[in-house]
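Have a look at this one.
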Amino acid sequence: MNVKRILFVCTGNSCRSVMAEGLLTQRLQRAGREAVQVESAGVFAIDGMGATRETQRVLLEAGVDCSGHRARVLTPDMIRAADLVFVMEPFQAEEVIRREPAAAGKVHLLKPFGRGPGEVAGPAGIPDPIGKPLEVYEVCFAEIREAVERVAKSLGVQ
């Protein structure tokens with residue numbers, strides 16, 4: 001698979017997609033894979049908003065500094081430029097496809113990606129932690145980290 005651009009999408013681009021972008025970028029850098037570009041955006045983001053304090057904290061504990069992150073609203077150009085688009089919840093997939101119908105084949109729910117049928121416990125989405133306690137962010141982060149590992153493997157990163 002010759003993937004060059006990966007786009008993670010959530011609602012506000014201040015929590016989940018930031019975590020996924022930071023983790024995959026770190027994973028690719030450690031593997032010396034510089035040819036893959038990783039970005040994030042939100043279907044209803046407020047342009048320029050920073051990552052939440054909780055997101056910054058869980059990422060920093062994993063060695064990722066996202067203090068410079070600024071939220072971006074998802075655009076059709078971003079969708080067209082991406083080789084793979086990963087969303088956190090089904091409604092975001094619908095929104096991506098509504099904005100760019102031709103992208104349907106490259107949009108994937110992050111949590112079940114790379115898993116076989118019946119391997120996903122509970123809902124296929126990763127719920128939004130915004131406004132919730134740090135513990136909720138930590139659970140969200142663990143789910144995203146596990147899924148990002150599968151994405152990395154699909155890109156041939158060991």
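The values are calculated or read from the model by the stated rules, or taken from the named source; none is laboratory data. All values reported here derive from a predicted model rather than from experimental measurement. Methodologically, a virtual Cβ is constructed for each residue, glycine included, from the backbone with ideal geometry; neighbour enumeration extends over all protein chains shown.
May I ask you to list the residues in region 99-158 that are at positive phi and either out of contact with any Lys or Arg (no Cβ under 6 Å at 6 or more places or on another chain) or of a type in the set (Val, Ile, Thr) (or both)?
Across region 99-158, the qualifying residues are 118, 122, 131, 156.
Condition test on residue 35, is it of a type in the set (A, V, I, L, M) and modelled with pLDDT of 95 or more?
no
Would a scan of region 121-133 turn up a residue that is under 19 Å from residue 27 (Cβ atoms), at pLDDT 95 or above and surrounded by 15 or more Cβ atoms within 10 Å (Cβ to Cβ)?
Of the residues in region 121-133, the ones under 19 Å from residue 27 (Cβ atoms) are 126.
Then drop every residue that is not at pLDDT 95 or above, which leaves 126.
Imposing the further condition that a residue be surrounded by 15 or more Cβ atoms within 10 Å (Cβ to Cβ) reduces the set to 126.
Among the residues of region 121-133, at least one is under 19 Å from residue 27 (Cβ atoms), at pLDDT 95 or above and surrounded by 15 or more Cβ atoms within 10 Å (Cβ to Cβ), which makes the answer yes.
So residue 30 ticks every box in (1) within 13 Å of residue 128 (Cβ to Cβ); (2) at pLDDT below 95; (3) of a type in the set (D, E, K, R) but one. Which box is left unticked?
Result: residue 30 passes all but (1).
Residue by residue through region 99-158, note down the ones that are among the small types (Gly, Ala, Ser), over 21 Å from residue 3 (Cβ atoms) and touching an Asp or Glu at 6+ places or on another chain (Cβ under 9 Å).
124, 125
Listed residues 115, 98, 57; which is surrounded by fewer than 20 Cβ atoms within 10 Å (Cβ to Cβ) and outside any helix (DSSP H, G or I)?
It is 115.
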